[in-house]
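Trainee: Before I ask anything, here is the structure I am working with.
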Amino acid sequence: SYTETLASSFWRSALLSHSDVRFVVGQERQEVFAHRCLLACRCNFFQRLLSSEPGPGVPSPVVLSTVPAEAFLAVLEFLYTNSAKLQRHSVLEVLTAAVEYGLEELRELCLEFVVKALDVELVCEALQVAVTFGLGQLQERCVAFIEAHSQETLRTRGFLELSAPALLPLLRSDKLCVDEAELVLAARSWARVGAAVLERPVAEVAAPVVRELRLALLAPAELSALEEQNRREPLIPVEQIVEAWKCHALRRGDTARGTPCRRRRGTLPREHHRFLDLPFK
């Protein structure tokens, strides 16, 4: 609206008027001007950062290379106007800055925006931010969204870029709408990407999460095929595959109980599932 445009123009003009601190922000090294006193009064992070008095002459810029310029400008907009015009493509970067700078009101604005904007392309990035910064409610909303849109989410780039701690709550969920065979394939793709980025073996990258795969849900033919592929490209510990075979062999008793044999919401029926004691509820 005209009012929002006018307010935005006003605060951006105010940045240049009598500014006494200069930031160099982001990988693009964009120059941003601001007022030391206002930032220090509004935010403890900036109070500590700008606590030293500038010396004579032209002061050196404050370099903030890890925050993108667009996100930093949104932070300044909030500090100057107590509001922020958030954008879907940058809201997670603004949220990250708000958490790191201790701006609780801005953090809440971002969280509200993210929850409303969640879709298949955004949800994994949001989950990663939630896990990284311990944002429990956002993590719950992201996991619930992925549970309802599992197959689509597993095909996104964001899924492949999740950290192991962010992937764990998904693999532990009973409510994923995906069959275990597809989940094994997705986990292998995830581990391959991580192995390429980190220059580590696939099995080493997969180790923190692969135990959450429920191999006993696979039919014998599928388990045999997985075992053969695992010989060519190790992903799953051999003893985990052995435990799955034991579940098939015994068909009852303690071996067929617990999480490794518990069906998920999206598990496709197989003949041996009638021997499992804990169906999905």
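Trainee: Can you work out the accessible area per residue across segment 125-194, with the rest of the protein chains kept in place, probe 1.4 Å, in square angstrom?
Mentor: Each residue of segment 125-194 exposes 43 Å² on average to a 1.4 Å probe.
Trainee: Still on this structure: Classify segment 144-281 as rounded, prolate or oblate from the Cα gyration tensor: take a ≥ b ≥ c as the square roots of its eigenvalues, call it rounded if a/c is under 1.5, otherwise prolate when a/b beats b/c and oblate if not.
Mentor: Oblate, since a/c reaches 1.5 and b/c is not below a/b.
Trainee: For Phe145, Phe133, what's the largest-to-smallest order of accessible area, 1.4 Å probe? Could the numbers behind the result be given before it?
Mentor: Details: Phe145 40, Phe133 65 Å².
Putting Phe145, Phe133 in descending order of accessible area: Phe133, Phe145.
Trainee: Quick one: pull the percent of accessible area on the chain belonging to carbon and sulfur, 1.4 Å probe, ligands and nucleic acids left out. Walk me through the numbers on the way to the answer.
Mentor: Numbers: 8120 of 15080 Å².
Here carbon and sulfur together make up 54 percent of the probe-accessible area.
Trainee: In the chain, which longest range has no GluC sites (Glu not before Pro) that are both DSSP loop (not H, G, I, E or B) and surrounded by at most 15 other Cβ atoms within 10 Å?
Mentor: Longest gap between qualifying sites, sites excluded: 29-120.
Trainee: Round to a whole angstrom and tell me the spacing of the C-alpha centers of segment 64-86 and segment 192-232.
Mentor: 42
Trainee: Just flag the trypsin sites (Lys or Arg not before Pro) in segment 210-253 sitting in loop per DSSP whose Cβ has no more than 16 other Cβ atoms within 10 Å. Could you put the intermediate results ahead of the total?
Mentor: Numbers: sites: Arg211, Arg214, Arg231, Arg232, Lys246, Arg251, Arg252; in loops: Arg214, Arg251, Arg252.
Passing both the DSSP loop test and the Cβ count: Arg251, Arg252.
Trainee: Shifting gears a bit: Short version: ³J(HN,Hα) in whole Hz for each residue of segment 266-273, in order, from phi by Karplus 6.51 cos²θ - 1.76 cosθ + 1.60 (θ = phi - 60°), x for Gly and Pro, what are they?
Mentor: Ordered by residue, 3J(HN,Hα) equals x, 5, 6, x, 9, 4, 6, 5 Hz.
Trainee: A further question on this structure: Grab the DSSP H runs of the chain that are 4 residues or longer, score each as -39,500 (n - 2.57), total them, divide by all residues and round the 222 nm result to the nearest 500 deg cm²/dmol.
Mentor: That calculation yields -16500 deg cm²/dmol at 222 nm.
Trainee: Taking the convex hull of the Cα atoms, report for the chain its projected area averaged over all directions, in nm².
Mentor: So the mean shadow area of the Cα hull is 18.4 nm².
Trainee: Pulled fully out, how much extra length does the chain show between Leu250 and Arg231, if you take 0.36 nm times their separation in residues and subtract their Cα-Cα distance? It would help to have the intermediate numbers written out before the result.
Mentor: Working: separation 19, 0.36 × 19 = 6.84 nm, distance 2.46 nm.
Once the chain is fully extended between Leu250 and Arg231, it gains 4.4 nm.
The values are calculated or read from the model by the stated rules, or taken from the named source; none is laboratory data. Remember, it's a predicted structure, so these values are computed and weren't measured experimentally. All Cβ positions, even for glycine, are placed from backbone atoms using ideal geometry, and neighbour counts span all protein chains on display. The accessibility values were calculated without ligands, DNA or RNA, using every heavy atom of the protein model including side chains. Shrake-Rupley method; radii C 1.70, N 1.55, O 1.52, S 1.80 Å.
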